[in-house]
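Below is one structure, written out as structure tokens, with a few remarks after it.
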Amino acid sequence: MEIAETRTPSTRSPSRLLASEVSTGSTQFTGRKIPRGAEYVEGERITQLPGEGANTSLLRRGLLGSAPDYPNLSFTIELLEIYHQLRRRQSNFSVQAFTKTFCSIHNRPYTNILRQQFSDAFDIYLDILRRVKARVDDALQQSDSDWRIKNSCPACSYKCPDEPELMFSRLHALDGNNSLKRFDGAKADEREFTSNYFLSNEYVDKFKDDVHNARKNPSLLPPSSTTAAAATPPPTTTITPDNLCVDTWHAATTVSEDTVKVFDQTGVFLSACRHRIVESMAEMRKSGELAKYGLAVVNSHLDTFGKSQLEGYDIGCAFQKTTDKSSIGPKARELNLQYVVDSFHGHAHNRPCQLNNHPLYRVGVGLEDFGTCERIFSSSNSAARLIRHSSYFHWKQFIDLHFMQWDEDRYEELSNFLLNNYKQALRIITSYTPVVDKLKEKLKISDGDFLRWIEEEKAYLASLSKKEKIPQDAVSYVTRLSALEAFEYQEKKARDTARLRDRLRLKIDMQRDAVEESEVFLGIDARWTKAEPRYQEVAKYIANSNFVQAVEKVEGLVVQRLLELAKANLAETGYKQRQHISHAITNRSGAIRTAIGKYNELALLQNPPCPELEIKTILSYSLLGEFELLKHSRVDILSKPWSVMANRETASKYFKVCRAREEIIRLNVEIRRLEAWVEFEDNHLKNTVASLRVTDPLLAIQVEKLYERRQRLNSKHQKRLSKVYMLGGFTGTYPDRSIMATTIEEAKADKQEEELEVGEDDVMVDEALRLRDFVENVSS
């Protein structure tokens with residue numbers, strides 16, 4: 001690791017320059033007076049050939065200058081590559097930190113000029129790497145602009161002959177993230193960076209007026225019967241816009257007006273396949289998570305991947321309607337594009353939305369939770385602190401660099417993803433099937449009854465929304481009557497206290513005026529009494545409304561508590577923020593107890609009385625949609641099997657088993673695709689190297705390096721896939737290669753290697769354990 005100064009013609013005396021004291025065989029470089037167009041290193045003249053720049057001649061010695069013509073400082077290629085690899089794997093490792101590091105190694109004072117020079121040289125180095133990659137891609141016939149999005153995930157896109165057709169050809173996850181912001185006018189830089197991850201701003205702006213035009217033309221929304229195409233799954237998953245929670249659920253990443261004024265880029269809107277490989281993204285410019293970003297990304301999916309796709313989005317229920325009314329609506333319906341809500345956010349949507357849009361109830365989804373974007377953003381958030389004040393060029397360059405490494409890591413983990421998902425699906429089928437069979441035997445029901453329960457619950461909830469509501473004026477009248485009666489009762493009880501009696505009489509007079517005002521407005525001649533049917537009907541409606549409000553209060557507090565618990569143990573959450581969240585959770589627990597007490601009071605007044613709740617029961621709700629039944633408890637559903645909590649839990653296990661079996665079907669296809677891709681890529685790279693050795697030997701070296709790297713990864717895939725083939729419940733197609741070649745010693749070596757590796761799953765387990773301990777501490 002070395003730094004060398006290269007001086008332009010000068011009358012200054014030679015100066016001793018710096019070299020690494022820790023590198024083996026390091027040499028100290030001496031700068032001398034040199035003629036224009038030549039450099040000296042170690043006393044040896046580097047001749048500049050005709051047409052060469054200074055950097056070209058330096059490169060032939062393994063150095064790269066910080067300026068194109070006459071750099072006064074150069075850096076070794078090894079040093080630049082070290083930072084390149086560090087920055088790819090640790091996006092929050094800044095140029096400044098690295099510059100200070102090698103200054104310390106060289107015992108040289110750090111200066112901002114040195115940091116800027118290294119940054120310039122690093123930009124040049126990345127540009128060289130991109131140009132080399134472009135030539136390699138061209139040699140491999142991978143230079144098309146959409147080649148990456150079509151082929152970056154072989155498990156999704158490399159189709160094999162005679163493979164079974166999946167209900168959804170591809171599963172996507174969509175979401176916006178406002179962490180990757182950039183201040184407006186942070187730095188001036190006229191350079192433009194081209195990335196095949198980003199959709200162009202011109203392409204995105206094609207959809208900027210879609211929502212506005214749809215509001216002007218409501219007729220653009222198709223009938224519910226045409227929302228899904230002929231290949232729509234069974235009725236349990238039919239999407240009906242009438243029961244979507246469009247009006248009550250919105251994207252959480254809203255951006256304030258002040259944020260729009262301060263930042264030029266306010267984040268990115270991203271899509272990824274179910275294997276977490278990034279497909280495309282749009283930069284959000286001076287706005288929040290607008291519909292145009294999602295429409296642009298979805299339209300690129302339709303144009304690239306064709307029919308029968310499923311998009312997972314935290315507001316998928318609302319975005320289905322937005323898409324139907326947009327300019328891409330006809331195309332989306334023709335290609336049978338559908339949406340679901342991701343599992344985590346889906347638990348906070350209302351129950352009708354869950355029954356239609358939650359992955360648990362959607363046929364053909366498998367075990368996919370569509371929380372992919374949250375995992376991606378958890379990683380990319382580390383880059384946010386370094387690009388917030390950068391130029392637009394560097395903002396885009398370092399986001400591109402981060403996601404390039406992210407995708408390479410996801411490709412390396414692809415076979416591990418398939419193996420773990422296969423094990424998970426088999427484990428669910430093995431553990432849940434006996435529980436479901438036991439309930440079926442006890443209740444004498446079949447699998448069709450579980451589907452019927454879902455339809456009955458949907459029909460019941462739909463009937464509630466169609467019931468005619470009591471006019472608000474009548475509600476106000478009865479409320480005023482109740483208040484007048486309460487004041488009159490208090491006045492009778494307070495006969496011995498003159499001052500209190502006077503105050504109550506004043507309140508009674510004011511309340512009586514309000515009652516008479518309502519009677520005049522409603523045209524009531526005789527005041528209602530409690531014995532009248534009209535009074536009883538309205539009073540019953542008011543009591544139920546108060547009860548529903550009490551349930552919604554508990555529901556809202558529990559939702560906030562769950563979100564706070566999730567945030568409390570997220571990586572990159574600072575200590576002060578953790579303390580603030582911990583304090584909020586403690587207060588929230590007390591508020592939940594108060595709200596449950598109010599609920600229990602009103603529950604006893606219902607007809608029939610609703611069951612009381614305990615704090616441990618309410619906090620154990622995994623599906624917040626269970627609150628929907630509490631709101632609308634009636635005699636006609638208390639005897640229904642689908643309203644019993646134990647039966648509902650068993651039904652959830654039944655649907656989990658159904659999704660696990662679908663997961664195995666999809667995994668069998670994806671495993672075969674990855675196996676075929678490994679063989680194809682190996683042959684393609686070898687043949688390309690052999691061809692280039694004759695026509696372009698230097699380019700052949702680069703392709704051969706790529707081949708060696710991919711061969712290392714692909715051999716890892718083959719070992720993991722061999723473990724899948726040896727699983728007891730494997731039902732897929734075995735490859736042509738022999739899977740019995742792995743010896744017992746190799747299997748033991750693989751097991752020891754896996755124990756030494758700390759993968760992403762291990763980190764997630766650690767996070768789960770810390771979250772569990774945190775919850776226990778808060779509870780205590």
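The values are calculated or read from the model by the stated rules, or taken from the named source; none is laboratory data. Since we're looking at a predicted model, the values are computed, not measured. Reconstructed Cβ throughout: ideal geometry from the backbone, glycine too, with neighbour counts over all protein chains shown.
What to note about this one:
- Residue pairs whose Cβ atoms lie under 7 Å apart, sitting 6 or more positions apart in sequence or on different chains, and linking a residue in segment 671-697 that is polar (S, T, N, Q) to a partner that is in a helix (DSSP H, G or I), are 688/139; 688/703.
- Residues that are more than 21 Å from residue 735 (Cα to Cα) and within 27 Å of the chain's Cα centre (by Cα), drawn from segment 662-700: 662
- Some residue of segment 134-152 being farther than 13 Å from residue 278 by Cα, β-branched (Val, Ile, Thr) and touching a helix residue (DSSP H, G or I) at 6+ places or on another chain (Cβ under 7 Å): yes
- Taking segment 87-105 as the range and being of a type in the set (Gly, Ala, Ser), outside any loop (DSSP other than H, G, I, E, B) and more than 13 Å from residue 118 (Cβ to Cβ) as the test, only 104 passes.
- Condition met for residue 315 (more than 26 Å from residue 664 (Cβ to Cβ) and either polar (S, T, N, Q) or modelled with pLDDT under 90 (or both)): yes
- Subset tally (residues that are surrounded by 13 or more Cβ atoms within 10 Å (Cβ to Cβ), part of a helix (DSSP H, G or I) and among the small types (Gly, Ala, Ser)) for segment 487-534: 2
- The residues on offer are 292, 307, and the sole one that is more than 19 Å from residue 152 (Cβ to Cβ), in a loop (DSSP other than H, G, I, E, B) and charged (D, E, K, R) is 307.
- Test: residue in segment 149-156 that is touching a Lys or Arg at 6+ places or on another chain (Cβ under 6 Å), part of a helix (DSSP H, G or I) and either hydrophobic (A, V, I, L, M, F, W, C) or assigned by TED's automatic domain parsing to the domain that holds residue 190 (or both): yes
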